[in-house]
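Okay, here's the structure, questions in a sec.
The values are calculated or read from the model by the stated rules, or taken from the named source; none is laboratory data. Since this is a predicted model, take the numbers as computed values, not measurements. Cβ sites come from the backbone with ideal geometry, for glycine too, and all protein chains shown count toward neighbours.
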Amino acid sequence: MHDWTLIGINYTWEKKECVMKFKNCSSKIVEFTAMDVKNIHIPHVEDWGESVSVNAVIGPIESNGALKLKIEMQSGDVISISAKSIDMGINPK
């Protein structure tokens, strides 16, 4: 996922659902969907400078009955999600 572009993050409070949209290196749209979200952290401090690109992805890793996913942006910010399920399937559009 290095150099993928983060397009947006949508969180639906009532459903406890988070959908993250990316553009991959082939310019295809890819959606990650986290269901039954327990925790989400979306900093936007940009310690390393402005960027919309992904640097690295860690996970999802199972921990205490939940899946944890971390997305490090090239800005230095780390987006983290803890959820019951995380679908990282590719849905080209």
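Scan (1) surrounded by 14 or more Cβ atoms within 10 Å (Cβ to Cβ); (2) in contact with a Ser or Thr (Cβ under 7 Å, 6 or more places away or on another chain); (3) within 16 Å of C18 (Cβ to Cβ) for the single condition S75 breaks and write down its number.
Status for S75: all satisfied but (3).
Something else now. Could you identify the single residue in K15, K38 that is among the charged types (D, E, K, R), in a strand (DSSP E or B), out of contact with any His (no Cβ under 6 Å at 6 or more places or on another chain) and modelled with pLDDT of 95 or more?
Result of the check over K15, K38: K38.
Still on this structure, I have one more. Could you list, in sequence order, the residues of the stretch 20-34 that are farther than 19 Å from Q74 by Cβ and surrounded by 15 or more Cβ atoms within 10 Å (Cβ to Cβ)?
E31, T33, A34
When you go through I61, I79 one by one, which is the residue that is touching a His at 6+ places or on another chain (Cβ under 9 Å), modelled with pLDDT of 95 or more and under 28 Å from E14 (Cβ atoms)? First the steps, then the outcome.
Numbers: I61 fails: touching a His at 6+ places or on another chain (Cβ under 9 Å).
I79 is the lone residue from the list that is touching a His at 6+ places or on another chain (Cβ under 9 Å), modelled with pLDDT of 95 or more and under 28 Å from E14 (Cβ atoms).
All but one of (1) more than 12 Å from the chain's Cα centre (by Cα); (2) without any contact (Cβ under 8 Å) to a residue 12 or more places away in the chain hold for N10; which doesn't?
Here N10 meets the rest and fails (1).
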